[in-house]
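The block underneath contains the structure these notes are about, expressed in structure tokens.
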């Protein structure tokens, strides 16, 4: 056990940079967190216009006060079981940084929880996910009491090549 | 993390969490902004900017608490935007600190050690240094100087016609005087010294100590070009945070200008004198009047805007294009929201007449607003035309031909986006007219035409379009040779009869335009396919008229605005799509006999003796259709150039004007879709890219 834990303990400097406020939301039983400075607004689920020839997790586009923005289903993105939409389902509009350009993208989540202040020392680096792919998109794991919040690096989650059209 | 960063995070969190009517939450935001201001470090270059934004934001919150703002949601969004702006300002810090200029004293900073100071120059050139504290001033200067330079170019071109036009001389003097003044103030050494040299020269010219001639105008035009380069470099430096590079061409330019200025006092003719008498006169005047500061009564106070010939209105407000676009967006949304409300009210059973009447009034105002906002996007075309007259002048010099460019309708307005886009095609066409259309003076005389050729550039509005016309009195197009060439190239099957228009259109084909033989005959070869493509991508078209020996007229027709198109809304399954009206030829419900298949898959429809491939949109886009049989559905025949295909849709929902939106930056180009539109009910609808679909259909 000591072997595996030493290999996953990160250089502490990396984790300490991520302390701050996070907007937390739920996908099923899992709780995730987004850096608050990335969040533009939270809107209810609305009609989404499907766009052909995009990847399955790209739900389509919506009209956000005159601006057309792409909406991504985070469950689909994470290969999770899709669920019925409820009245708690909503779209979080995030501003992501894509090679220097800023763009707004909506992500569909099951439920928005709260804004949490997570101190740097409460954040652990992303764990080894048992070989099921890389954990680049995770900033770290925030420990709040007994629960664990998965803190997302949303820029990585929604990197452009993931949105572009499947060939 | 510093105190102000932490507070800003709190602000961001609070703005997301607080609703507009939550007074306590607002009060907290207000105090957070105050705390943020207090926590700002005093000495950083961005302190001022951050403080002013946070003060403004604080004021808005205050007014919200006092219920002075009606649209609290919009105000809330504004606060959100300001918070983002603050984050941007704070994040901007690391970019500006590594630049050494922040710490080094600015005054009298020596040029970079690597750069050698040329010995010949009369004025010691200091580098352009940007004090980070001045960056907003510099940004303003870049804008302003750009305008001055443009005005100067116009004035110079006028002077080129009449070397003594005192108004243009004054305009030039004022423009460069202002540039010099501001450049000196914000310590832009290079720009200042060039402006100073030009100003000197113009001062001599307006005090009649110097007669301008073709040579000096050339030099001044080059100086204006150099100034443009330096301003562009400054603009780049502003964003990158590094010191603008030293312009190697500057010392030589200063020397030239100096030379011209001195030529007057030593009464030496420099360059090409306009005429002998002029030189003598200039010498006489120069001998009489020493180059003293002018007593010209027309000399304007510093900073007066240089009038560039057109009537400049005095009350003009500069607004950033981003703000303008968001205003236009917001008004578009307003119109949509208004339509939705009216529809909902109309469907209420006991509709109150009063409400309906009031809503109609609101609708009127909303549409008026929309028209107004659209007109704000419009700018006159004269900027592009001015570029053309500069180009024509250079071309005439280079080619040794004589021709003049007449410009009509420079005040014609068109969409801001179009102005940029129309410039390239125009350059091509003016160049072609000069290179190939206009004959040499000797040939012209032989043909019984005046030696000096005539090219007319004219712009006007016609039926919702902007029309730009380029008419020359050159040799015209040779139909027979174009046709022969096209047949040799296999573009036209031999023996096929073509109308005059069709033959002229051939020169816009890629295969022909690259053929150098045709350019011998008719000209208009170079890049005409590019011109056509550019114009078509703007949903415009080109018409050609020509008479051999008498000249040709090229007419470019463009829509007034890029923002709105007429579209046909169609339904496929549960999805709606917009097809641009310009690409639609007709729509029909085919009879069983009209449809034929190849290999049981590829369907064709016989329309007026032409076979048109059928594209099943539902297959293309993976939608469940209502009708699976073409004979039950509707075929919309679209065309692009000479290619056609028919799109199979379930229903035509009607024609409407839609505002074009890009599909967001997140998605790359999607084949078959050219963009999105927001329909009357606020939903997004995809605009079909007819040429793209046709190409992929005919490519199979």
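Structure summary
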item: Compactness of the range B:611-695 as Cα Rg over 2.2 N^0.38 Å, two decimals; result: 1.15
item: Shielding by partners, peptide B:10-16 (average Cβ within 10 angstrom, other chains); result: 6
item: Between the range B:368-383 and the range B:8-66, the alpha-carbon center distance in angstrom; result: 35 Å
item: Semi-axis lengths, Å, the range B:381-451, gyration tensor of Cα atoms, sqrt of 5 times eigenvalues; result: 27, 12, 10
item: The range B:437-495 - Debye-derived log10 I(q)/I(0), Cα point model, q = 0.21, 0.24, 0.25 Å⁻¹; result: -0.82, -0.86, -0.89
item: Column: log10 I(q)/I(0), Debye, Cα scatterers of the range B:372-510, q = 0.11, 0.13, 0.16, 0.20 Å⁻¹; result: -0.53, -0.71, -0.94, -1.14
item: The range B:170-235: mean projected area of Cα convex hull, nm²; result: 4.2 nm²
item: Segments B:66-75, B:373-382 sorted - mean Cβ within 10 Å per residue, highest first; result: B:373-382, B:66-75
item: Separation in nanometres of the label points that stand 7 Å from Cα toward Cβ, at residue A:30 and residue B:3; result: 4.0 nm
item: Cβ-derived FRET efficiency at R0 41 Å, residue B:652 paired with residue B:62, nearest 0.05; result: 0.15
item: Size descriptor, Kirkwood hydrodynamic radius, that averages inverse alpha-carbon separations across the range B:361-421, Å; result: 14.0 Å
item: Residues listed by number, the range B:471-492, amide nitrogen under 13 Å from residue B:462 label point at 7 Å toward C-beta; result: B:471
item: Counting all C-alpha pairs of the range B:158-204, share separated by more than 13 Å (%); result: 53 percent
item: Computed lengthening from residue B:348 to residue B:360, 0.36 nm per intervening residue step minus Cα-Cα distance; result: 2.8 nm
item: The range B:553-643: Cα Rg divided by the 2.2 N^0.38 Å rule of thumb; result: 1.27
item: Förster radius 30 Å - calculated FRET efficiency between residue B:628 and residue B:586 (Cβ-Cβ, nearest 0.05); result: 0.85
item: For the range A:58-110, average projected area of the Cα convex hull in nm²; result: 4.2 nm²
item: FRET efficiency for residue B:43 and residue B:321, using Cβ-Cβ distance with R0 set to 30 Å, rounded to 0.05; result: 0.35
item: Label-to-label distance, nm, for residues given as residue B:143 and residue A:155 (7 Å Cα→Cβ offset); result: 2.9 nm
item: Per principal axis, descending, Cα span of the range A:49-145 in whole Å; result: 41, 35, 30
item: Shielding by partners - mean other protein chain Cβ count within 10 Å, residues of A:45-54; result: 6
item: Peptide ranges B:493-501, B:170-178 listed from the most packed, as the mean C-beta count within 10 angstrom indicates; result: B:170-178, B:493-501
item: q = 0.28 Å⁻¹, the range B:602-651: log10 I(q)/I(0) [Debye, one scatterer per Cα]; result: -1.12
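Read the figures in this text as sums done on the coordinates, not as results from a lab. In this text the structure is predicted, and so the values were computed from the model without any measurement. For neighbour counting, all protein chains shown are included, and Cβ atoms are generated from backbone atoms with ideal geometry for every residue, glycine included.
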